[in-house]
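Enquirer: Sharing a structure, written as structure tokens. Questions coming.
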Amino acid sequence: MSLPRSTILAEPAWRPSSKAKLLWALENAIGVVVLFIALGVWAVLDGDRRGWQVLAGLALVVLAVVAVVVIPVWRYAVHRWEVTDEAVYTRVGWLNQESRVAPISRVQTVDTERGPLERILGLATVTVTTASSAGAVKISALDLPVAEETVLRLTAIAAQHRGDAT
């Protein structure tokens, strides 16, 4: 018996907000700024290792470009999500990619989260908690109206599937 060539999980239809790339770039930039500050402190406190500091600085510049430019674009190309009457589908990641299917019958709660950068950009993350050992399914970087509509839709669909979600 041979396995089919196509995957079991169809690619989810929707992308996150186009502002997701900016959100992810800003999140990564914060980490890069912390590293530049640490490098600056090292340079001030230890003047004997300028060669290593220059090398670390060059490596940090390369890391900054990858983290702030390449990774957000790559993540945006990969991230997908979809809500149907049967399930919530997600695909996330940039280096390690994960596809998840959460059957509506397993949905326990649906929440909206908004960190500081998400609030500034008008974005939100929808978290679908299920009766699964794999943990919650997160749909990140949605425009706030889309996130609110998704929560309402999931709540309505889940209400039609009465059960204990276990």
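The values are calculated or read from the model by the stated rules, or taken from the named source; none is laboratory data. Keep in mind the model is a prediction, meaning the values are calculated, not measured. So basically every Cβ, Gly included, is an ideal-geometry build from the backbone, and we count neighbours across all protein chains shown. Remember, those area values only see protein heavy atoms, side chains included, never the ligands or the DNA or RNA. Shrake-Rupley method; radii C 1.70, N 1.55, O 1.52, S 1.80 Å.
Enquirer: In segment 81-129, which GluC sites (Glu not before Pro) are in a loop and have at most 15 other Cβ atoms within 10 Å, using DSSP for the loop call?
Expert: Those that pass, being in a loop and sparsely packed, are 86.
Enquirer: Oh, and also: So if I place +1 on the C-beta of Lys and Arg and -1 on the C-beta of Asp and Glu, and nothing else carries charge, what would the dipole magnitude of segment 1-109 be about its Cα centre? I want it in debye, nearest 20.
Expert: 160 debye
Enquirer: Using Cα atoms only, what is the angle between the long axis of helix 50-65 and the major principal axis of the chain, expressed in degrees (0 to 90) to the nearest 10?
Expert: With both axes taken from Cα atoms, the answer is about 30 degrees.
Enquirer: A further question on this structure: Report the net charge of residues surrounding residue 89, where surrounding means a beta-carbon distance below 10 angstrom and charges are Lys +1, Arg +1, Asp -1, Glu -1.
Expert: Here the count lands on 0.
Enquirer: Next up: To the nearest 10 degrees, how steep is helix 144-160 against the longest Cα principal axis of the chain, on a 0 to 90 scale?
Expert: 30 degrees
Enquirer: Next up: Can you figure out the FRET efficiency of residue 62 with residue 117, using R₀ = 25 Å and their beta-carbon distance, to the nearest 0.05?
Expert: Result of the calculation: an efficiency of 0.55.
Enquirer: Taking trypsin sites (Lys or Arg not before Pro) that fall in a DSSP loop and have at most 11 other Cβ atoms within 10 Å as cut points, what is the longest piece of the chain between them?
Expert: Result, exposed sites excluded: 6-161.
Enquirer: Moving on to the next point. With axes computed from alpha carbons, what is the tilt in degrees of helix 20-45 against the longest principal axis of the chain, rounded to the nearest 10 within 0 to 90?
Expert: 30 degrees
Enquirer: Same structure, new question: For the chain, what is the accessible area per residue in Å², given a 1.4 Å probe and the full set of protein chains?
Expert: Accessible surface, normalised per residue, equals 61 Å².
Enquirer: Using only alpha carbon pairs under 8 Å that are at least six residues apart, calculate the relative contact order of the chain and give it in whole percent.
Expert: 22 percent
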